[in-house]
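The values are calculated or read from the model by the stated rules, or taken from the named source; none is laboratory data. This is a predicted model, so every value here is computed, not measured. Every residue, glycine as well, gets a Cβ built from its backbone with ideal geometry; the counts of neighbours run over all protein chains shown. Heads up: the accessible areas ignore ligands, DNA and RNA and are worked out on the full protein's heavy atoms, side chains in. Shrake-Rupley method; radii C 1.70, N 1.55, O 1.52, S 1.80 Å.
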Amino acid sequence: MAKHQKNSGWTTTAAEALRVGRVGPIAEFDPGSTPGFAGDKDAGEKLLTERGEALADLQEILFANGRAGDHRSVLLVLQGMDTAGKGGIVRHVGGLVDPQGLSIKGFGKPTPEELDHDFLWRIHRALPPIGRIGIFDRSHYEDVLPVRVHNLVPKAEWEKRYEVINQFERDLVASGTTVIKVAMVVSKAEQKARLTERLDRPDKHWKYNPGDIDERAFWDDYLDAYQAIFDRCDNDTAPWYLIPADKKWFARLAVCELLIGALENLELTWPAADFDVEAEKKRVAELDD
């Protein structure tokens, strides 16, 4: 299958422009930037509509191959500070494709049942089936983010988790799942504006969590925890990307492009029919109108 053409608004691929090793330490990253993209908001929103069609086509081919026995799938991991826009990615990028081809899971505070098992137990149970795009709103990295920042388990325990995660992801990729890991970076000023909007609008009160203010006090600690993740868990097998999240339109476009790139790399084609096409054409032609 010929690859979808990149729009001239991108000066390089999203995967090249946003890989953590290229854009530098998260503490110095500009959440208002648009790495690799030269267009403005209007151009970006128009391009997202166009590229959404390309994403939908590729997702349908992935789904069709899964139905035909292909074992491959894609997992998009979304991490980010509160208000960074993870839910918006789920709605506005995941919403571009057929829902039957999606598997979406959000991870909050572990339940008592989940705490009775190792930290990857709940992750294994939520992995996307073959032929699907899975989206994790937060993920196994929570166990080296708030767990680390708030010392919820001894350092000796969370320190070991980085390599456990690396091995888990290597095994996942070896089994046929392409892993895309995205850290959405919002500025303090933009986070404050979004929290203010949630309080000003009754239709957004349900999204407001007083605990978000408490977590903001640990901002620098979270940046350190994220950087440790990138230093230890970014690799070509399961790469990490930094997404500037102050401009929602760009964050959505960037994640859409990352998904398209991952699906194109699978070099999928439509599965061959497992029946005699010409014979079935004849049978259909003989049906009564």
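When the stretch 7-37 is filtered for residues that are open to solvent by 80 Å² or more (accessible area, probe 1.4 Å) and not in a helix (DSSP H, G or I), the ones remaining, listed by number, are Ser8, Thr11, Asp30. Counting only residues that are under 26 Å from Arg198 (Cβ atoms) and surrounded by fewer than 19 Cβ atoms within 10 Å (Cβ to Cβ), the stretch 70-87 holds 2 of them. Could you count how many residues in the stretch 60-87 are assigned to a helix (DSSP H, G or I) and over 25 Å from Asp221 (Cα atoms)? Looking only at that region, the number is 8. For the stretch 174-183, the criterion of being under 26 Å from Gly85 (Cβ atoms) and among the small types (Gly, Ala, Ser) is satisfied by at least one residue. The stretch 93-166 holds helices (runs of 4 or more DSSP H) entirely within its bounds, and those carrying 1 or more residues that are in contact with a His (Cβ under 7 Å, 6 or more places away or on another chain) and in contact (Cβ under 8 Å) with a residue 40 or more places away in the chain map to 121-124. Assess whether Phe230 counts as being under 19 Å from Glu163 (Cα atoms), assigned to a helix (DSSP H, G or I) and either touching an Asp or Glu at 6+ places or on another chain (Cβ under 9 Å) or not β-branched (Val, Ile, Thr) (or both). Considered against the rule, which asks whether it is under 19 Å from Glu163 (Cα atoms), assigned to a helix (DSSP H, G or I) and either touching an Asp or Glu at 6+ places or on another chain (Cβ under 9 Å) or not β-branched (Val, Ile, Thr) (or both), Phe230 comes out as yes. Is it fair to say Met1 is over 30 Å from Tyr222 (Cβ atoms) and at pLDDT below 95? Spelling it out, Met1 is indeed over 30 Å from Tyr222 (Cβ atoms) and at pLDDT below 95. Counting only residues that are closer than 21 Å to Gly80 by Cβ and of a type in the set (Lys, Arg), the stretch 132-172 holds 3 of them. Within the stretch 167-180, the set of residues being aliphatic (A, V, I, L, M) and either touching a His at 6+ places or on another chain (Cβ under 7 Å) or open to solvent by less than 20 Å² (accessible area, probe 1.4 Å) (or both) comprises Leu172, Val179, Ile180.
Restricted to the stretch 239-280, and to residues there that are of a type in the set (Gly, Ala, Ser) and under 20 Å from Gln59 (Cβ atoms), the residue that is surrounded by the fewest Cβ atoms within 10 Å (Cβ to Cβ) is Ala272.
Residue count for the stretch 271-289, restricted to those that are assigned to a helix (DSSP H, G or I) and aliphatic (A, V, I, L, M): 4.
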